[in-house]
Every structure is written in C-alpha cells, then in structure tokens.
Amino acid sequence: MNVLGLALANVRALRRRLYGLVALVAVAAAVCLAALGIAGRAQGATDSGVTQSSANRSVTVDRPADRPDTPQLTDRTAARLAALPHVASVQHRAQVSFGVLTDAGDTVLLYATTYRPALPPPVTKSVREDLFPLRPGEIVAPAVSQGVDLGALVGKQVEIETTRFVRPGEGTGVTGHARLVGVYDPTWQLDNPDAAYAADATVIKWAADRAGRPEKTYLSGIGYDQLTVVADRAENVPDVMRAVQDLGYPAVTLQQQLDALPAVLEMIRTVGRVLLGVLAVLAFAGAITVTGALSRQRAQEIGVLKAVGFRTRAVLTMLVTEMALVGAVAALAGAALGALLAAGSAAVLRDSADLAPYVEDRLPLPAPGTLLFLLGLTVLVVAIGSLAPARKAARMSPTEAMKDW
C-alpha cells in the first residue's frame with residue numbers, strides 16, 4: 001500500500017478522533033466564507049449600482065445667498081447649466097412648508113418638495129406601483145414625522161394648511177385637501193427630514209402664494225432653492241462640479257456627501273480579512289494539537305512502520321497527508337455550511353430596506369476562484385500546522401517509538 005492509501009485508511013480508522021478538528025475548521029471556514037461572500041457581493045452591488053447611478057453622478061447646486069452678483073436658480077440658469085459639457089440633465093428642487101392635520105388633532109409641519117428622478121426617496125408604502133410623477137393634489141410624506149405615524153393615512157384625503165402672503169412678515173392660513181398616496185423611509189433625509197413630495201405645479205403654487213408673487217413669474221424671479229446637475233458618467237462628475245463652481249454657484253457632489261460609504265465598505269472588507277486570519281489561526285492550532293496527540297497515541301504504530309522499512313520521510317509524508325485529507329474534508333464541510341449560513345444571512349439582511357439592494361443574490365458566496373483559493377488555503381494551513389509534531393514523531397527510532405511514551 002502506498003503512502004496516500006495508507007494515510008486514507010488511517011483517516012478512516014481514526015475518524016472519531018478527528019471530528020473535533022473537522023468541526024472546528026468547518027465552522028470557522030463557514031463563517032469566513034459567508035462574511036467574505038456577503039462583503040464581496042455588497043462591494044459588487046455598490047460598484048455596479050451606485051457608481052453609475054444617477055444619484056452618484058449628481059452635483060447639488062444651492063442658491064447663491066452670499067453672492068448677489070450670481071443669478072438665482074431660475075429656468076434660465078437651469079438651461080445654462082444643462083449646456084455645460086458632460087451634463088446629462090438638470091433637475092430642480094423647490095420647497096415650501098405646509099401643515100397636515102390628522103384625525104387625532106395633530107398638526108405635522110412638512111415641506112412640499114418637487115420630485116427629482118436622480119434622488120428618488122425609498123417608498124415603503126403606496127397606492128400604486130409607479131408612484132412618480134405625482135398628479136396634482138397628491139403628496140408622498142415620510143412614514144413617521146415628528147412622532148406621528150403617517151403610514152396609516154396612505155390612500156386617504158388629508159386636510160392641509162398652507163400660507164398666503166398678506167404683507168411683509170405676515171401671512172394667513174389657507175385650508176385645503178390633498179391625497180396621501182405614499183410614504184417613504186424617514187431615515188432618508190437628503191431633501192429634508194420632513195420633506196413631502198408633491199407635483200411641481202402644486203409646490204410652485206404654494207411657494208408663490210407664500211412669497212406673494214404671481215405663480216407665472218415666480219420661477220423667473222425667485223427661482224428654485226436648489227438644482228441637481230446630473231453628469232453623463234461618474235468619472236466626469238469632478239469636471240462638471242468645477243464648471244458649475246466656475247459660474248459662481250456653490251456646488252457639492254453626492255459622492256462627497258456620502259464619503260462615509262467607502263469607509264463602511266472598507267470596514268466590511270476588514271472584517272472579512274480578520275475572519276480569514278482567525279480561520280488560519282484556528283486551523284493551524286488545531287492541526288498542531290491533533291497531530292501531536294495522535295502521534296503520541298500511535299507511537300507503537302509508527303515504531304512498527306519504521307521497523308518494517310518505512311523511512312522517516314515516508315512516515316512524515318503519511319502523517320502530513322492524513323492531516324491534509326482532514327483539512328480537505330473540513331474545507332468541503334465548511335463550504336457547505338458556509339453556503340447555508342450565507343443564504344440565511346442574506347435572507348435576514350433582505351428584510352432591511354437599506355441593505356436589501358446589496359444582498360439580492362440568494363447565495364452570496366465569493367467568486368469561484370476566490371472560493372477555491374480559500375478552500376485550498378484551509379488545507380494548506382492544516383497541513384503546515386501538522387508538520388512540526390509529525391516531523392518529531394517521524395524521526396523517532398523504532399526502539400524509542402515502541403516505548404509507551
């Protein structure tokens with residue numbers, strides 16, 4: 001029988017003593033594979049979804065309050081910005097406050113906001129699938145605002161109160177009605193913690209009434225409070241931002257506003273590396289412990305092998321091969337367990353509206369090449385861990401090995 005066949009026979013005979021090592025390495029490998037798989041798929045989703053999304057290609061242009069020589073954000077300004085190189089579109093935002101009166105007598109102060117396709121709110125409940133563009137008289141509010149649950153009002157007519165200009169510093173309330181057609185996750189606050197989206201015509205009318213300006217001349221006089229310039233590609237965003245700033249407008253990219261995102265992704269990758277290190281340490285320490293213990297228990301067997309002509313190298317190869325086979329079994333078991341763990345973790349994460357886009361895959365394991373590398377690395381670490389105690393056992397003389405030590 002060759003060394004490989006002998007090692008395989010020994011593993012079968014000693015399988016009960018090896019269950020502990022197999023379980024230890026398999027569990028560590030499963031956790032590592034699941035974490036790396038979810039982190040890798042999250043990174044891939046970010047690269048493919050976020051990098052070229054209209055949100056990540058957007059440049060936010062605010063009203064030039066401290067620059068009187070710079071024109072306001074009117075339709076003419078929007079057309080001027082749209083003519084800049086690498087600009088795909090310009091989307092406007094206007095806001096005006098209004099109150100929503102609930103059946104319980106609560107008054108919730110919200111800010112009617114024009115909808116921008118580049119920055120869609122994460123709608124959690126609505127009366128129809130394609131909610132935008134909104135129709136006149138419709139609003140979409142945060143699910144919870146100022147402690148009031150607005151989700152229960154979806155689909156209902158709500159009483160609202162807007163403000164009409166009377167004289168400088170004075171206005172009068174105007175009561176009306178609107179239909180709440182949807183609510184969004186209140187943690188999404190890019191437009192304002194209490195932004196409520198409405199049709200453009202509705203927002204402009206309320207804003208003009210509040211400012212005491214004719215609705216037809218409001219945009220040409222006061223204009224929008226913010227414009228969103230969307231670049232054609234993510235790599236052109238810095239050039240577009242500089243071009244906007246050269247015109248005298250304060251501008252910032254959403255990439256700058258979301259600068260915490262790369263840090264989060266780096267943290268996920270770091271956790272994966274730490275888990276990989278933990279797997280290596282556990283596999284290495286387990287192999288040393290188990291190989292040393294088995295070598296002491298099998299001293300007489302080793303002595304017999306040396307007595308019948310097995311050389312030190314052959315005995316060493318047999319012992320290390322045994323541990324390599326154990327490592328292979330543990331790696332395969334870890335891969336199967338890791339697949340179950342990854343699938344379960346992904347299912348749990350998909351229940352979160354914020355995390356669901358990053359774990360769309362049912363089985364978020366690493367790429368096949370990475371998976372094979374990790375499995376091979378597990379086997380290699382176990383084999384290396386067994387090398388020192390195996391060498392010590394293989395170097396024993398037949399006489400010494402036959403002793404009960």
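Readers should treat all values here as calculations from the given coordinates under stated rules, not as data from a laboratory. What you see is a predicted model; the values in this text were computed from it and never measured. Every residue, glycine as well, gets a Cβ built from its backbone with ideal geometry; the counts of neighbours run over all protein chains shown.
Here are the numbers for this structure:
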| item | result |
| --- | --- |
| Antiparallel bridge percentage (DSSP; both residues within segment 158-230; nearest 5) | 100 percent |
| Additional length obtainable on full extension of the chain from Ala293 to Leu101, 0.36 nm per residue less Cα span | 61.6 nm |
| Mean Cβ neighbour count within 10 Å, used as a protection proxy, ranking 375-387, 3-15 highest first | 375-387, 3-15 |
| Inter-label distance for His86 and Leu247, nm, one decimal - labels placed 7 Å from Cα along Cα-to-Cβ | 1.6 nm |
| Sequence of Phe284, Phe98 once ranked by neighbouring C-beta atoms within 10 Å, starting from the fewest | Phe284, Phe98 |
| Antiparallel bridges, percent of DSSP beta bridges restricted to the chain (to nearest 5) | 80 percent |
| Table column - 3J(HN,Hα) (Hz), segment 97-104, Karplus curve with 6.51, -1.76, 1.60, x for Gly and Pro | 6, 7, x, 10, 9, 8, 5, 7 |
| The chain: DSSP helices with Cα axial extent of at least 20 Å and average Kyte-Doolittle hydropathy no lower than 1.0 | 15-45, 260-297, 312-349, 368-394 |
| Neighbour-count order for Asp66, Asp103, fewest beta carbons within 10 angstrom listed first | Asp66, Asp103 |
| Ranked packing of 154-163, 335-344, 128-137, most packed first, by mean Cβ within 10 Å | 335-344, 154-163, 128-137 |
| Globularity index of segment 58-258, i.e. its alpha-carbon radius of gyration over 2.2 N^0.38 Å | 1.06 |
| Cβ-defined net charge surrounding Tyr111, 9 Å radius [Lys, Arg +1; Asp, Glu -1] | -2 |
| Footprinting exposure proxy for Thr60, Thr399, Thr107 (fewest neighbouring C-beta atoms within 10 Å first) | Thr399, Thr107, Thr60 |
| Whichever lysines have a C-alpha closer than 26 Å to that of Lys125, once near sequence neighbours (fewer than 8 apart) are set aside | Lys156 |
| GNM flexibility winner over the chain from Ala34, Ala307, Ala207 (Cα, springs under 10 Å) | Ala307 |
| Rounded if a/c under 1.5, otherwise prolate or oblate - segment 75-191, Cα gyration tensor axes | oblate |
| Mean Cα-pair separation over length for segment 58-258, i.e. relative contact order, pairs under 8 Å, 6 or more apart, % | 37 percent |
| The chain - percent relative contact order, Cα under 8 Å, separation 6 or more | 29 percent |
| For Lys125, residues with placed amide H under 5 Å, excluding near neighbours | Val183 |
| Within segment 198-213, backbone nitrogen closer than 20 Å to the virtual label 7 Å beyond the Cα of Val166 toward Cβ | 206-213 |
| Reported label for calculated semi-axes √(5λ) of the Cα gyration tensor in Å given [x] 33, 24, 21; [y] 70, 23, 14; [z] 44, 33, 15 | [y] |
| Neighbourhood net charge (12 Å Cβ-Cβ; Lys/Arg +1, Asp/Glu -1) for Val244 | -1 |
| Positive-end residue of Ala196, Ile288, Ala30, charge dipole of the chain with Cβ unit charges | Ile288 |
| Given charges at beta-carbon only (K, R positive; D, E negative), |dipole| of the chain in Debye | 2400 debye |
| Within the chain, helix-based [θ] at 222 nm, where runs of 4 or more DSSP H residues each add -39,500 (n - 2.57), nearest 500 | -16500 deg cm²/dmol |
| Dipole in debye (nearest 20) - segment 193-247, about Cα centre, beta carbon charges: Lys, Arg +1; Asp, Glu -1 | 260 debye |
